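The values are calculated or read from the model by the stated rules, or taken from the named source; none is laboratory data. Since the model is a prediction, treat every value here as computed from it, not as a measurement. Note: ideal-geometry Cβ built from the backbone for every residue, glycine included; neighbour counts use all protein chains shown.
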């Protein structure tokens, strides 16, 4: 395996249409549907970069910028912007295009982190990534700050998880009573 790859080597592009079963009561694309599509294209970028099985480690951000309507097509573009030892940050941009007027908007952006796995399902080394375009370079240059923020957020999430109850809801009264005994 070579020790580096260009962002473009992991680029994935997909266009889809918005159908009636894809929209919510506001007649806009369900956010969950969009998030599922984002995860799918991002996972392909991670696999293309690492040429390994990959798992989603985190969805760092999904920013909904403009609603997507049934009159739109939805274009997804993803690529690896930064790598750690076994982790990869993947950027996804979502562009809506009104199929009658041709008006295009950046409807959403997302950043996800994936981890490459070896044949024993343990983290595996990935090649570093080399940006070429202005967009790729900007994302690459700002990635280390996002990686530090992810690390802090993960520690905070683990700390919070230690306080989260795993009891069934009907056991809630028993838990309350044990606090007073």
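Tell me, which residue of the stretch 114-141 that is without any contact (Cβ under 8 Å) to a residue 12 or more places away in the chain and over 23 Å from residue 54 (Cα atoms) is surrounded by the fewest Cβ atoms within 10 Å (Cβ to Cβ)?
That would be 134.
Looking only at the stretch 157-181, filter to residues that are surrounded by fewer than 10 Cβ atoms within 10 Å (Cβ to Cβ) and under 30 Å from residue 110 (Cα atoms); which one of those is modelled with the lowest pLDDT?
Among residues in the stretch 157-181 that are surrounded by fewer than 10 Cβ atoms within 10 Å (Cβ to Cβ) and under 30 Å from residue 110 (Cα atoms), the one modelled with the lowest pLDDT is 163.
Does the stretch 114-128 hold any residues that are under 17 Å from residue 6 (Cα atoms) and either assigned to a loop (DSSP other than H, G, I, E, B) or over 20 Å from the mean Cα position of the chain (by Cα) (or both), and which are they?
125, 126, 127 - these are the residues of the stretch 114-128 that are under 17 Å from residue 6 (Cα atoms) and either assigned to a loop (DSSP other than H, G, I, E, B) or over 20 Å from the mean Cα position of the chain (by Cα) (or both).
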